[in-house]
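Peer 1: A single structure is presented below for examination.
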Amino acid sequence: MASTPLVFVTGNAMKLQEARAILLDAKVEITSQDLDVPELQGTTQEIAREKCRRAAEILQGPCITEDTALCFEALNGLPGPYIKSFLKELGLDGLNTLLTGFPTNAAHALCTFAYSAGPGTEPILFEGRTDGKIVPPRGAGKFGWNPIFEVDGTGKTFAEMTEPEKNSISHRYRALEKLTVFLRSQTKS
């Protein structure tokens, strides 16, 4: 693919590991850099665009950023892009408790990758979605809210899946697949 690695702006080693595993077959090489980019408020798209725009300015070059949202149907999409704060304050059991009394535990995981060719360019968004439901924690609690998100049709939470199994159906995989198609189209131009 590219002659120089693409910078993935993240300080999350698990996200970097997943992205590298997913992009391995696509021959997209990425490095990472942890930048102090403010956590913004807004829609997932607004947050992703602005975060990527700021990262490209800091790096003075091309980059990708990623934002993940966990959207509860009963709460009109909340916690959404604020899942990190909700998880920190409430924990896995508290997130489950939020749905007590609601008629549905349906949810979806949404991953938004943003790509910027560099400072001054409008970031391009690539979204991936996986539908599921919120369940009591099951599986290894190594990565965020994975133990409480059961993927529709699998009977398993992300935490109960093997890495290859998760990486073949996850919201992150679906977003990275779209990003890969875009990057390949850029190298053919």
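Peer 1: Say we join alpha carbon atoms closer than 10 Å with springs in a Gaussian network model of the chain; which of F86, F113, F72 then has the biggest fluctuation?
Peer 2: It is F86.
Peer 1: Within the range 1-87, what whole-number % of the accessible surface is contributed by carbon and sulfur, with the 1.4 Å probe and all protein chains included in the calculation?
Peer 2: 49 percent
Peer 1: Along the positive direction of the dipole of the chain (beta-carbon charges: Lys, Arg +1; Asp, Glu -1; about the Cα centre), which of S168, P79, F158 reaches farthest?
Peer 2: S168
Peer 1: Would you mind working out the accessible area per residue for the chain, using a 1.4 Å probe, and quoting it in Å²?
Peer 2: Per residue, the chain has an accessible area of 51 Å².
Peer 1: Rounded to the nearest 0.05, what FRET efficiency do A13 and F102 have when you use their Cβ-Cβ distance and R0 = 41 Å?
Peer 2: 0.75
Peer 1: Let me spell out the model: positive unit charges on the Cβ of Lys and Arg, negative unit charges on the Cβ of Asp and Glu, origin at the Cα centre of the range 6-187. What dipole size does that give, in debye rounded to 20?
Peer 2: My answer is approximately 200 debye.
Peer 1: Which order do S185, S116 take when ranked by solvent-accessible area (1.4 Å probe, heavy atoms of all protein chains), largest first?
Peer 2: So the residues, ranked largest to smallest area, are S185, S116.
Peer 1: Further question on the same structure: Go through the range 172-179 residue by residue and turn each phi into a ³J(HN,Hα) via Karplus (6.51, -1.76, 1.60, θ = phi - 60°); whole Hz please, and just put x for glycine and proline.
Peer 2: 5, 4, 5, 6, 5, 4, 5, 4
Peer 1: Give the cross-link partners of K15 among the aspartates and glutamates, using a straight C-alpha distance below 14 Å as the criterion and excluding same-chain residues fewer than 8 apart.
Peer 2: Once the sequence-local aspartates and glutamates are set aside, what remains near K15 is D34, E66, D67, E163.
Peer 1: By how many degrees, 0 to 90 and rounded to 10, does the Cα axis of helix 13-23 deviate from the longest principal axis of the chain?
Peer 2: Tilt relative to the chain: about 70 degrees.
Peer 1: For K142 and D93, what does the FRET efficiency come to when R0 = 22 Å and r is the distance between their Cβ atoms, rounded to the nearest 0.05?
Peer 2: 0.85
Peer 1: Further question: Can you show me the helix-derived [θ] at 222 nm for the chain, built from DSSP H runs with n ≥ 4 at -39,500 (n - 2.57) apiece and divided by the number of residues, rounded to the nearest 500.
Peer 2: -11000 deg cm²/dmol
Peer 1: Charges on Cβ only, +1 for Lys and Arg, -1 for Asp and Glu, centred on the Cα centroid of the range 6-187; of T180, F126, W145, which one is farthest towards the dipole's positive end?
Peer 2: Among T180, F126, W145, the one farthest towards the positive end of the dipole of the range 6-187 is T180.
Peer 1: Against the longest alpha carbon principal axis of the chain, how many degrees, from 0 to 90 and to the nearest 10, is the axis of helix 44-59 turned?
Peer 2: 40 degrees
Peer 1: Further question: On a 0 to 90° scale, report how tilted helix 83-97 is relative to the longest principal axis of the chain, with both axes built from alpha carbons and the result rounded to the nearest 10.
Peer 2: 20 degrees
Peer 1: Right, here's the next one. How big is the gap, in Å, between the Cα center of the range 86-101 and the Cα center of the range 112-153?
Peer 2: 18 Å
The values are calculated or read from the model by the stated rules, or taken from the named source; none is laboratory data. Here the structure is a predicted model, which means the values were calculated and not measured. Cβ coordinates were reconstructed from backbone atoms using ideal geometry, including for glycine residues, and neighbour counts include every protein chain displayed. To get the accessible areas, we keep the full protein, side chains included, count just its heavy atoms, and leave off ligands, DNA and RNA. Shrake-Rupley method; radii C 1.70, N 1.55, O 1.52, S 1.80 Å.
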